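The structure under discussion appears below in the form of structure tokens.
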Amino acid sequence: MADDDARTDTVELIDPRAIRAIAHPARMIVIDALFDQGLALTATQAAELAGTTPSAMSYHLRALSRFGIVTRAPATDGRERPWIRAAKHIAIRPSASASSTSATTATGAVLASVMDIDHQRLLGAVQRVAAGEGRLPLDVVAAYSHTTLLLTPEEATELMKKLDELVSALRLEDRTDAPAEAGRLTISIATIPDPTHPGALAPDDERN
């Protein structure tokens, strides 16, 4: 069941408590389904997806709703109302007034959960390829790439813009021309500035 609500806003997680609320494997899996895939799920469906019980998932969903991350879909025919995303996007932006340690710890927990999910999915693809059976068609491109670039802030901004333009045309919920054989492919992009490189220093910080 897809979420057809044409939301264009963003849920901004500012409070460390809200950020910490999504730092749970089961919640991250459901958030991925609701936000990235645009699905609408009952607690039972979400529990099956995350590998937990419906009662435990109901607790998770209520916790997420308290921070405005998910919400109930409008009532229709009296059946169980599914959960949907509260906005089209979700962003982590810790408040400057929040405790630095608390915000960093909460954000780190979220990153750990996301990376663990991606790790398990990639490992599964690698294992399928190694076994030589049960492979998915898209397993041929399963990979992890790590490289370092040298570029200016302007070039970095342009690079991210071009990447977004390339990916946005193929996003699951936005693509309407996908052929029947198309499958889901997760793309994870991490951009990590190196604070030790001379180019990281602002002009006023440079020392002769």
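Take the residues of the range 63-88 that are farther than 17 Å from ALA21 by Cβ and out of contact with any Lys or Arg (no Cβ under 8 Å at 6 or more places or on another chain): which is most open to solvent (accessible area, probe 1.4 Å)?
Filtering first and then ranking leaves ARG79.
Could you pull out the residue among ALA50, ALA106 that is closer than 30 Å to ALA169 by Cβ and crowded, with 16+ Cβ neighbours inside 10 Å?
Step by step, each of ALA50, ALA106 is checked, and only ALA50 is closer than 30 Å to ALA169 by Cβ and crowded, with 16+ Cβ neighbours inside 10 Å.
Scan the range 135-153 for residues that are open to solvent by 60 Å² or more (accessible area, probe 1.4 Å) and either within 26 Å of PHE35 (Cα to Cα) or at pLDDT below 90 (or both) and report the count.
Adding up the residues that qualify gives 9.
If you take the residues of the range 174-195 that are touching a residue at least 40 places away in the same chain (Cβ under 8 Å) and over 20 Å from VAL114 (Cα atoms), which of them is nearest to the chain's Cα centre (by Cα)?
GLY183
Looking at the range 122-134, is at least one residue closer than 23 Å to GLY38 by Cα and surrounded by 10 or more Cβ atoms within 10 Å (Cβ to Cβ)?
yes
Within the range 68-84, identify whether any single residue is more than 27 Å from SER168 (Cβ to Cβ), out of contact with any Cys (no Cβ under 7 Å at 6 or more places or on another chain) and modelled with pLDDT of 90 or more, and answer yes or no.
yes
Yes/no per residue for (1) in contact (Cβ under 8 Å) with a residue 24 or more places away in the chain; (2) touching a helix residue (DSSP H, G or I) at 6+ places or on another chain (Cβ under 7 Å); (3) more than 30 Å from THR104 (Cα to Cα):
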position	(1), (2), (3)
THR10	yes, no, no
PRO16	yes, yes, no
ILE19	yes, yes, no
PHE35	yes, no, no
TYR59	no, no, no
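Could you identify the single residue in ALA18, ALA91 that is open to solvent by less than 60 Å² (accessible area, probe 1.4 Å), of a type outside the set (Ser, Thr, Tyr) and touching an Asp or Glu at 6+ places or on another chain (Cβ under 7 Å)?
Residue meeting the stated conditions: ALA91.
What number of residues within the range 167-196 satisfy the criterion of being under 21 Å from PRO137 (Cβ atoms), aliphatic (A, V, I, L, M) and in a loop (DSSP other than H, G, I, E, B)?
The total comes to 8.
A quick yes/no check of all residues on (1) without any contact (Cβ under 8 Å) to a residue 24 or more places away in the chain; (2) of a type in the set (Phe, Trp, Tyr); (3) part of a helix (DSSP H, G or I); (4) within 12 Å of VAL30 (Cβ to Cβ):
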{"position": "ALA46", "(1), (2), (3), (4)": "no, no, yes, yes"}
{"position": "THR52", "(1), (2), (3), (4)": "no, no, no, yes"}
{"position": "SER55", "(1), (2), (3), (4)": "yes, no, yes, no"}
{"position": "ALA63", "(1), (2), (3), (4)": "no, no, yes, yes"}
{"position": "THR71", "(1), (2), (3), (4)": "yes, no, no, no"}
{"position": "ALA75", "(1), (2), (3), (4)": "yes, no, no, no"}
{"position": "ARG79", "(1), (2), (3), (4)": "yes, no, no, no"}
{"position": "ALA87", "(1), (2), (3), (4)": "no, no, no, no"}
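Identify the single condition in (1) at pLDDT 90 or above; (2) loosely packed, with under 11 Cβ neighbours inside 10 Å that MET160 does not satisfy, given that it satisfies every other one.
Checking MET160 against (1) at pLDDT 90 or above; (2) loosely packed, with under 11 Cβ neighbours inside 10 Å, the one that fails is (2).
Would you say LEU34 is open to solvent by less than 30 Å² (accessible area, probe 1.4 Å), more than 15 Å from ILE92 (Cα to Cα), part of a helix (DSSP H, G or I) and not polar (S, T, N, Q)?
Here the answer is yes, as LEU34 does meet what is asked.
The values are calculated or read from the model by the stated rules, or taken from the named source; none is laboratory data. Computed from a predicted model, the values in this text were never measured in an experiment. Don't worry about glycine lacking a Cβ; one is built from the backbone with ideal geometry, like all the others, and counts go over all protein chains shown. Surface accessibility is based on the protein's heavy atoms, side chains included, excluding ligands, DNA and RNA. Shrake-Rupley method; radii C 1.70, N 1.55, O 1.52, S 1.80 Å.
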